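Visitor: Next up is a structure, given as structure tokens.
The values are calculated or read from the model by the stated rules, or taken from the named source; none is laboratory data. Values in this document were obtained by computation on a predicted structure and should not be read as measured data. Ligands, DNA and RNA are stripped out before the accessible areas are found, and what is left, the full protein with its side chains, is counted by its heavy atoms. Shrake-Rupley method; radii C 1.70, N 1.55, O 1.52, S 1.80 Å.
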Amino acid sequence: MTGRKGARWTQEADAELRRRVVSREPVTVIAREMGRTQDAIRGRAAMLRIALPSTMRPWRETVKRGPRMPRSIPQPTGKE
């Protein structure tokens with residue numbers, strides 16, 4: 001840690017965070033090189049509404065989803 005505990009986020013730091021996320025750098029690398037904790041990176045990304053790539057589900061990043069199909073609701077048969 002480089003002594004940046006509690007340091008304010010600047011516009012330049014926000015731009016750097018965006019650039020690093022777009023280039024798909026892992027959160028651990030971003031945090032280490034920016035001198036911040038992983039939680040700080042995740043928290044700031046959430047505030048800026050930046051979606052961090054998931055390390056658990058990397059394949060989901062490129063999945064394009066269409067409209068959801070309605071669930072079929074069982075119809076009563078009249079027999080009970």
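Visitor: When you scan region 58-71, do you find a residue that is at pLDDT 70 or above and not in a helix (DSSP H, G or I), even just one?
Guide: Step one: of region 58-71, the residues at pLDDT 70 or above are none.
The answer is no; no qualifying residue exists.
Visitor: Suppose we keep only residues that are at negative phi and open to solvent by 70 Å² or more (accessible area, probe 1.4 Å) within region 47-57. Which one would you say is modelled with the highest pLDDT?
Guide: Looking at residues that are at negative phi and open to solvent by 70 Å² or more (accessible area, probe 1.4 Å), I get Met47.
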